[in-house]
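See structure below.
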Amino acid sequence: MDVKEREKKTPEAAAEKENAKKGGNSQLWIGVLLMVVCAACLCAGQLIWKMYDGLLPMILGFIVYVGGAGAMLYAYHFGSVSLLQPLNSISYIFSTILGAVVLKESVTPLKVVAVVVILVGVYILAAGGKKEE
Amino acid sequence: MIGYVLVMILMGFVASYASICLKRATDNRIRPIEILQSGWLWAGGFLYVGASLLNIFLLKHLPYSVVVPLGALTYVWTMFLSHWLLHERITKSKVLGITVILIGVVLLALSSAS
């Protein structure tokens, strides 16, 4: 079977249609949750790298980072990639909060607005996906 | 300058195609062994590392406040690529959500630039 033909018959395209008929993707929230875990792991991994030097923190950061990638991989099982991948932007929110709390970086009004705007975008995606997928 | 623009476009495309591969890897597989045996996982992982290297290259040569928002353009790439390759639907909420996220990321980049 040639690649094009196989792509037309991806099981998840069929599943999406099936879901649309039922009026929603009931498993989507698992994917959303896993993407939040992924974003948290990516930030935590980077924070460990930034805060501590040496071999052990490097390995620990790497393990956390890979764990995050694994969560993302599993997230894709539960929903469309075009919806779930942008949820990775939650990592911008986490890193801003971690930067402020742990690294004592300054919190400007613009930063707060930016974080809220990203949150709104994430909400639109997740809530809309639940209805439309 | 035009070289950097091309690298940026390439980075977005590679990162986005990486997630398409990773999506295929977990399409109808849930057991770790099966996922690890999928060629899509390794293709996706390889492309992901490639995109990260391009990202690091760009961060070395261009300001952070330019590279980060452009990195977020990957979501737009993914919307079109997944529609084309995986037949995922482009819905109103996806377009709106991604647009709002992009605005937020630009604001965040501006706030760290100032």
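The values are calculated or read from the model by the stated rules, or taken from the named source; none is laboratory data. Keep in mind that what you see is a predicted model, and the values were worked out from it rather than measured. Every residue, glycine among them, receives a Cβ derived from its backbone with ideal geometry; neighbour counts consider all protein chains shown.
Of all the numbered requirements in (1) closer than 28 Å to residue B:112 by Cα; (2) modelled with pLDDT of 90 or more, residue B:62 misses one, and that requirement is (2).
Quickly run through region A:47-84 and pick out the residues that are in contact (Cβ under 8 Å) with a residue 40 or more places away in the chain and not hydrophobic (A, V, I, L, M, F, W, C).
The first filter runs over region A:47-84 and keeps only residues in contact (Cβ under 8 Å) with a residue 40 or more places away in the chain, leaving A:47, A:50-51, A:74-80, A:83-84.
Hits for region A:47-84 are A:50, A:74, A:76, A:77, A:79, A:80.
Has region B:26-49 got any residue that is in contact (Cβ under 8 Å) with a residue 40 or more places away in the chain and surrounded by 17 or more Cβ atoms within 10 Å (Cβ to Cβ)? Within region B:26-49, none of the residues are in contact (Cβ under 8 Å) with a residue 40 or more places away in the chain and surrounded by 17 or more Cβ atoms within 10 Å (Cβ to Cβ).
Can you pull out the residues in region B:89-102 that are over 19 Å from residue A:77 (Cα atoms), buried (at least 18 other Cβ atoms within 10 Å of the Cβ) and within 7 Å of chain A (Cβ to nearest Cβ)? Full working, then the answer.
As a first pass, look at region B:89-102 and keep what is over 19 Å from residue A:77 (Cα atoms): B:91-93, B:95-102.
Add one more test, that the residue is buried (at least 18 other Cβ atoms within 10 Å of the Cβ), and what stays is B:91, B:93, B:97-98, B:100-102.
Result: B:91, B:93, B:97, B:98, B:100, B:101.
Restricting attention to region B:61-102, the residues being more than 18 Å from residue A:83 (Cβ to Cβ) and free of Cβ contacts under 8 Å to residues at least 60 places away in the same chain number 9. Residue B:23 meets each of the listed conditions (1) of a type in the set (D, E, K, R); (2) under 17 Å from the mean Cα position of the chain (by Cα); (3) surrounded by fewer than 13 Cβ atoms within 10 Å (Cβ to Cβ) apart from (3).
Does region A:97-133 hold any residues that are of a type in the set (S, T, N, Q) and more than 7 Å from chain B (Cβ to nearest Cβ), and which are they?
Within region A:97-133, just A:106 meets the criteria.
When residues in region B:59-88 are screened for being within 19 Å of residue A:121 (Cα to Cα), surrounded by fewer than 19 Cβ atoms within 10 Å (Cβ to Cβ) and either among the aromatic types (Phe, Trp, Tyr) or within 7 Å of chain A (Cβ to nearest Cβ) (or both), 1 of them pass.
Tell me, which helices (runs of 4 or more DSSP H) lie completely within region A:1-87 with 2 or more residues that are modelled with pLDDT of 90 or more? Steps first, answer last, please.
Values: elements: A:3-8, A:11-22, A:28-51, A:55-75, A:81-84.
Filter on region A:1-87 gives A:28-51, A:55-75, A:81-84.
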